[in-house]
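These notes are about the structure you will find just below.
The values are calculated or read from the model by the stated rules, or taken from the named source; none is laboratory data. Treat the numbers as computed from the prediction; the structure is a model and nothing was measured. Backbone-built Cβ (ideal geometry, glycine too); neighbour counts: all protein chains shown.
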Amino acid sequence: MPHFRGQRRRVWIWGMIAVLAGLTGSLLTGVGQNPVAQAQQGLSQTQLEQAQYVRSCGSCHVALPAQVLPTETWRRLLQDPNHYGQQIQPLTGVPLQLAWGYLRSNSRPLRQREPVPYRLADSRYFRALHLQVEFPSPVRVSSCVDCHPRVDFGDFASLSPDWQS
């Protein structure tokens, strides 16, 4: 009987060593350290960044394409707790790094002496894309869906039947 107990103890000890080795290996390879990357395994860095931007901004309003506003506008928007008259909690940590990575890489630079547009209607790029469109004043992000019915899927290229040629 004592031999059996000793064998069980050895199996238990080796089992614990295997579990600890597995946990140590997981920690060393980063599994469990980054919940965003873990939750969205298999996505590229760009896809993770865009997903964070859409999750952060699209939860309250349409997540505009980054190209519509210049990089400096996005930088200011991410830092400002007074978001178009609404008090918000600015992003911090990993969510901020991811959203900023997407916006910085996909927005456009300002031209020399171009003022930093804070409103969509003041964006040179936005106006160039909408030359023949008469907007209500003021232009609101919520009205994008009137012409772009698939905007909830990030599709600004599809137009409603009224705007199709």
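What the table shows:
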| item | result |
| --- | --- |
| Output for segment 90-99, where each listed residue is surrounded by fewer than 16 Cβ atoms within 10 Å (Cβ to Cβ) and out of contact with any Pro (no Cβ under 7 Å at 6 or more places or on another chain) | 92, 93, 94, 95, 96, 97 |
| Extreme residue, nearest to residue 53 (Cα to Cα), among residues of segment 85-109 that are part of a helix (DSSP H, G or I) and hydrophobic (A, V, I, L, M, F, W, C) | 99 |
| The lone exception for residue 71 - which of (1) modelled with pLDDT under 90; (2) among the polar types (S, T, N, Q); (3) touching a Lys or Arg at 6+ places or on another chain (Cβ under 9 Å) it fails | (1) |
| Number of positions in segment 41-60 that are under 20 Å from residue 152 (Cα atoms) and surrounded by 14 or more Cβ atoms within 10 Å (Cβ to Cβ) | 11 |
| Index of the failed condition, residue 152 passing every other in (1) within 23 Å of the chain's Cα centre (by Cα); (2) within 12 Å of residue 68 (Cβ to Cβ) | (2) |
| Matching residues in segment 72-84 - criterion: being more than 16 Å from residue 98 (Cβ to Cβ) and either part of a helix (DSSP H, G or I) or aliphatic (A, V, I, L, M) (or both) | 72, 73, 76 |
